[in-house]
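Would you mind keeping the following structure in view while I ask a few things?
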Amino acid sequence: MTRAYSNDLRERVVSAVRSGDSCRAVADRFGVAVSSVVKWSQRYRATGSVAPGKMGGHRKRVLEPHRAFIVERINQTSHLSLHRLKAELAERGVAVSHTAVWEFLRREGLRFKKNTVRP
């Protein structure tokens, strides 16, 4: 992942725009994209700062609060499919994708296979 431009550069760019230069001229002078100049200027007008926002991070796990329900359903119904589990979660008001359910089960070690050997 790339790093954000330095605050020093951002401040010099915004200062040049505020002094009356066009965004295109400032972008050429400092060697940055016009869109960056525009966004930094907008950020400065909105917040009074040119500091970059947070980059990256982690998403909140949507299915974590429903772990007990999921474990209970898997234990109750050995032939439960991922699509059926997704549908049952949707009935409870939790809209998630098939992949989200699969990744949750995998991460939690709740794998299950539909086969005759399993009790």
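Under 18 Å from the mean Cα position of the chain (by Cα) and loosely packed, with under 10 Cβ neighbours inside 10 Å - does that describe any residue in the stretch 36-46?
Scanning the stretch 36-46 turns up no residue that is under 18 Å from the mean Cα position of the chain (by Cα) and loosely packed, with under 10 Cβ neighbours inside 10 Å.
Also, quick follow-up: Given the conditions (1) on the phi < 0 side of the Ramachandran plot; (2) modelled with pLDDT of 95 or more, report the number of the one that HIS58 does not fulfil.
Looking at each condition in turn, HIS58 falls short on (2).
Follow-up. Show the residue pairs that are 6+ apart or on different chains and have beta-carbon atoms under 9 Å apart, the first residue being within the stretch 1-27 and more than 16 Å from ALA51 (Cα to Cα), the second being at pLDDT 95 or above and not in a helix (DSSP H, G or I).
VAL26/VAL32; ALA27/ALA33
Output the residues belonging to the stretch 71-106 that are under 16 Å from ARG61 (Cβ atoms), of a type in the set (Val, Ile, Thr) and in a loop (DSSP other than H, G, I, E, B).
Scanning the stretch 71-106 gives VAL94, VAL96.
Also, I was wondering about something else. Among the residues of the stretch 51-64, are any in a helix (DSSP H, G or I) and either in contact with a Leu (Cβ under 9 Å, 6 or more places away or on another chain) or under 26 Å from ARG3 (Cα atoms) (or both)?
No, that holds for no residue.
Residues being touching a Cys at 6+ places or on another chain (Cβ under 9 Å) and either at pLDDT below 95 or more than 16 Å from ALA46 (Cα to Cα) (or both): count how many of those fall in the stretch 14-34.
1
The values are calculated or read from the model by the stated rules, or taken from the named source; none is laboratory data. Quick caveat: nothing in here was measured; it's all calculated off a predicted structure. All Cβ positions, even for glycine, are placed from backbone atoms using ideal geometry, and neighbour counts span all protein chains on display.
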